[in-house]
Each structure stands twice: as C-alpha cells, then as structure tokens.
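The values are calculated or read from the model by the stated rules, or taken from the named source; none is laboratory data. Values in this document were obtained by computation on a predicted structure and should not be read as measured data. So basically every Cβ, Gly included, is an ideal-geometry build from the backbone, and we count neighbours across all protein chains shown. Accessible surface areas use protein heavy atoms only, side chains included; no ligands, DNA or RNA. Shrake-Rupley method; radii C 1.70, N 1.55, O 1.52, S 1.80 Å.
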Amino acid sequence: MKMNSFFNYLETLHRDYADVADGAVASYIPELLKADPAWLGIAVVTVDGHVYQVGDSQQEFTIQSISKIITYGMALEDNGTEDVLKKVDVEPSGEAFNSISLEPGTGRPRNPMINAGAIATVSLLAEATPAARLKRMLDVYKRYLGHEVAIDDSVYQSEKETGHRNRAIGYMLRNYEIIEKETDEVLDLYFKQCSILVNCRDLALIGATLANNGVNPITGVRALKGQFVPHVLGVMGSCGMYDYSGAWIYNVGMPAKSGVGGGVVAVLPGQLGIAVFSPRLDDRGNSFRGVEICKRISKDFGLHLFYSSQTTISTVLHSRYDTSTVRSKRNRNQEQTRLLSELGKQVKVFKLAGDLMFTGFRKTVWNF
Ligand code: DON
C-alpha cells in the first residue's frame, strides 16, 4: 500500500466503494426510506484526538441501534454489572435484531444489543421521571460527542407508529417483570434514543471515546466510567453485529455496533474508533458497505484485535539490578555503606521504556 497520508488512504477507499450498490435502505420505518442510498461517509478518530473524515461524513442520520451501547453504559453506571445481568444476559442470540430472544422461564433477554435487551436496558435508567431520563441521556451524548444532539422528530414519530413488534416485546418484558417501569414510557424513550441525529464523525468519536477508556479524546470529558468500558466493548464484540457477530469478530476483529440508519462503529481499544455511514443494508440489517469497508481497513492495517505483531518483553526491560552492586556517587559513612551492602539486594531497580504488558511484568518483576 503506497499512500502518503492516512487521509489519502481514506479517499482512495471511498473511491473504491463509491459505486458499490449492494443492499437496500431500511423500509420498515417509512421515514428511513428518505435516505439517499448513495451516501457514503468514512471517519476515523484516534485516542490522541486526530480526526480523519471523507465523503458524506457530515451528513446527519439517525443513530438507531448504535444507541444501545450508550444506554447500556448508562445502565451499568446506575446499577452495576451484577444487577444489570439479572435483567439482561450477555449471550449472543444468533438471531435477528428484532427477534424475541428471551430466556425460557425468566424472560431475560439474551443480550442488550437486540431490541428486547435494549428495551429492558432503557428501563434500568435510574432517574425517576421520563423527562429526567431523556435529559440525562442527551447529556451523556453531549459528553461522547462534545456537542448537543437533537432527536429527528419525523423518524421518532415513524418509529412509534410502526413499532408494534417493539411494543409486543416491551409488554412481554413487563409480563416477566424484567421491565418494572411504565412500559409505554420505556418504549417511548427507546424510540427517541433510536431517533437521535448523529453524523459519521460523531460515531467515530463515540468509538474513540470507548477506545480511550471512556474519555472523549478531543474534549477530555469522561462519558463512561472506565470500569464499565470493557463490558460495553464485550457485548459489542460478541453481539454488536447481530447474527453476523461471529463472522464479524472472525474477519474484522474489533468490537462494533451497527444501526439500520446505515451507521457502523468499530473500536480498537487503546487506539481508535472507525465509523462508516452508508444506508444500504444487507439482509441482517448491517450497512453493506460499512461491513466491507471495516473489513478492508482492518486487513490493510492489521487491526484485528487477536493479531499480535510484537513481543514487548525485550524492548520494555532495558536493565535490571539491585543496589548492592550499583552505587550512586554519594559519599556515605561507614554504617550507611555497611547497611547498603547488607540490605542492598532487597532494592531492585528496573529500567523500563514502553508499555509493560502482562508478559513483560512477569519477566521483569516476578522474574520467571
Ligand atoms: O426497530 C428498531 O427497534 C430500530 N429503530 C432500531 C433497530 C436497529 O437499528 C437495528 N439495527 N441494525
């Protein structure tokens, strides 16, 4: 690959996929059909705050199912993992996003990325009133994105008018007491969260914030407590691309989430967020070009999480000694010198440069 800049690379990528016309714009929510099928935006944001964007990266669209990762993080912050797990499991369902995948007997949804789990997750937000829950949600988006967000009212109305299946799921959850709040209020907030407007850059920034342990790398504002980031990324990794999740992690190797608005966001922890916006969807409801472009970027830069190109042990440890053998030039009296010879072996000095991973730590500190 001969490119003189990453921006250049993205422009070439955009050109390569501009004419790919597979898939179809979502039609089950009539308002979504208004999207231009040709739109294609790509954005990458790094954890040191660099933004690269090409094509229709400023075009607004509704976040749809990608909202599920934000709300899941909020529910974890409000309740802790244990209580959230009592209501929503974290097993891939291997089924479509709108499947009614509930655990036999308990009614617990399989995971928070399918609609059933996402609706249950909305019900776990701690605020006492629907208005307060919405306000907090919009504030959390502001933390992730660094700007206010709006709800697309016509998409919201369209979601609500056509959302009979989601209502059926909501009432099933209420029946099993998975949802303990007013079901219609929970569903209303779910329809609203799906209708939040974002652009491709925003999505990449959400990815970069998760990659950066929950802190927006441009504003420095924390959007999600660091302790919950691995759990959000965990469900994205196992369930984020619905019934394509297994093949996705196999091929692309990054936690990700898609939405029927055409957005896909992928996260490389500690490094970057990638987003693609292209409204034509494949049969599973994932953006067709979104999937293909993420596959390409992952392959071109070796971003698969389970691909390890480096061993850190030898590079991290520069030298290791104790103070019985190496002395400073300081003058010490007889007693101090004697003590140093006697006890100096207990003072270990490690000269390190770079990241000390588990293996490096084992080698340097535990010395086996
Ligand atoms: O039908 C719904 O529940 C949507 N508004 C959200 C679904 C979605 O984005 C599924 N994603 N691929």
- Query: At each listed q (0.10, 0.15, 0.17, 0.18 Å⁻¹), what is the log10 of I(q)/I(0) that the Debye formula gives for the range 122-276 modelled as equal alpha-carbon point scatterers?
  - Reply: -0.39, -0.90, -1.14, -1.25
- Note on the structure: Distance in Å, no decimals, from the C-alpha centre of the range 39-109 to the one of the range 153-170 is 18
- Task: Just subtract the alpha-carbon distance of Asp36 and Asn175 from 0.36 nm times their residue separation and send over the number in nm, one decimal.
- Result: 46.0 nm
- Query: Considering only the other residues whose Cβ falls under 14 Å of the Cβ of Gln227, what net charge follows from Lys and Arg at +1 and Asp and Glu at -1?
  - Reply: -1
- Could you sort 156-167, 187-198, 52-63, 261-272 so that the peptide with the highest average Cβ count within 10 Å comes first and the rest follow in order? 261-272, 187-198, 52-63, 156-167
- Using the C-alpha gyration tensor of the range 3-301, what are the square roots of 5 times its eigenvalues, in whole angstrom, with the largest one first? 29, 20, 18
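Can you compute the helix-only [θ] at 222 nm over the chain? Use -39500 (n - 2.57) per DSSP H run of at least 4 residues, normalise by all residues, nearest 500 deg cm²/dmol.
Details: 14 runs with 153 residues, N = 368.
One gets -12500 deg cm²/dmol as the mean residue ellipticity at 222 nm.
For Val44, what charge total do you get from the other residues with a beta carbon under 14 Å from its beta carbon, if Lys and Arg give +1 and Asp and Glu give -1? Don't jump to the answer; show the numbers that get you there.
On the way: positive: Arg201, Arg296; negative: Glu11, Asp48, Asp202, Asp300.
Neighbour charge sum, excluding Val44 itself: -2.
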- Task: Note the angle between two axes, namely the Cα long axis of helix 67-87 and the longest principal axis of the Cα atoms of the chain, as a number of degrees from 0 to 90, rounded to the nearest 10.
- Result: 70
- Computed FRET value (nearest 0.05) for Val20 with Thr323, which takes r as the C-beta separation and R₀ as 56 Å: 0.30
- Message: Compute the angle between helix 288-301 and the longest alpha-carbon principal axis of the chain, please, reported from 0 to 90 degrees and rounded to the nearest 10.
- Response: 10
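Of the heavy-atom accessible surface of the chain (probe 1.4 angstrom), what whole percent is carbon and sulfur? Each step should come with its number before you reach the end.
Numbers: 8700 of 17160 Å².
Answer for the chain: carbon and sulfur cover 51 percent of the accessible area.
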- Angle between the Cα long axis of helix 229-239 and the longest principal axis of the chain, 0 to 90 degrees, nearest 10? 50
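Leaving out ligands and nucleic acids, and using a 1.4 Å probe, what accessible area per residue does the chain come to in Å²?
47
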